[in-house]
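Structure first, then comments.
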Amino acid sequence: MKKFILLFLILPTFSQAGDFITGLNLSTPLVLSGTIGYRFQPEPTLKMAPMIEAEAGIGGTKILLGLDGMNEGLGFGIKASLLHTWFEPINVKADQQYMGVELQVGNTGFIASLGGYARISGSDDSWITTLSLGIRFK
């Protein structure tokens, strides 16, 4: 976790190369969460750019890394994710860890996400599906 915090501390040096993104989500299992991320500048011929995100909510936290194409207008994203539950997550027990993939679609500031996760530690379900609706701010 310390490495991710360090990464977010040095990311401002790249501010000319991309955009910081914040947002709010309603999702399973995190319930209500806030997100902060950095979207690198895409290549001129590509619509998708690398992105790293951290999300924390009532039910847990997750770190996402992948490609994001939601800059202006309709776009798509695909991200690998590490999810850890705590406190009161929806439909799963607390203190579980999952690894998975999320597919995202968005239109400017609105975003929807569907994810599939396999449990990597804990004793709850071995497979979960997540759903998220949210808004993004630049």
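FYI, it's all coordinate maths here, none of it is from the lab. These numbers come from a predicted model, not from an experiment. Backbone-built Cβ (ideal geometry, glycine too); neighbour counts: all protein chains shown.
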Reach of Lys79 by Cα under 12 Å, taken over aspartates and glutamates that are not fewer than 8 positions away in the same chain: Glu53, Asp68, Glu102
Checking the stretch 85-138 for chymotrypsin sites (Phe, Trp or Tyr not before Pro) in a loop per DSSP with at most 14 other beta-carbon atoms within 10 Å yields Phe87
Counting alpha carbon pairs within less than 8 Å and at least 6 residues apart, what relative contact order, in whole percent, applies to the stretch 2-137? 19 percent
Structure-derived semi-axes √(5λ) of the Cα gyration tensor in Å: which label, when the choices are [x] 25, 16, 13; [y] 29, 15, 13; [z] 23, 19, 14: [x]
For a Förster distance of 30 Å, can you work out the FRET efficiency between the beta-carbons of Lys138 and Ala94, rounded to the nearest 0.05? 0.35
Which far-off residues, 5 or more places away or on another chain, put their amide H under 5 Å from the one on Gln96, with H placed in the peptide plane? Thr85
What is the dipole size for the chain, taken about its Cα centre, with +1 at each Lys and Arg Cβ and -1 at each Asp and Glu Cβ, in debye to the nearest 20? 200 debye
Would you calculate the separation in nanometres between label points at Thr45 and Ala118, each defined as 7 Å from the Cα along the Cα-to-beta-carbon direction? 3.4 nm
Placing +1 on each Lys and Arg Cβ and -1 on each Asp and Glu Cβ in the chain, then taking the dipole about the Cα centre, the residue among Gly57, Asn91, Tyr38 whose Cα reaches farthest towards the positive end is Tyr38
Looking at the stretch 9-105, which trypsin sites (Lys or Arg not before Pro) are DSSP coil and have at most 16 other C-beta atoms within 10 Å of their C-beta? Lys47, Lys93
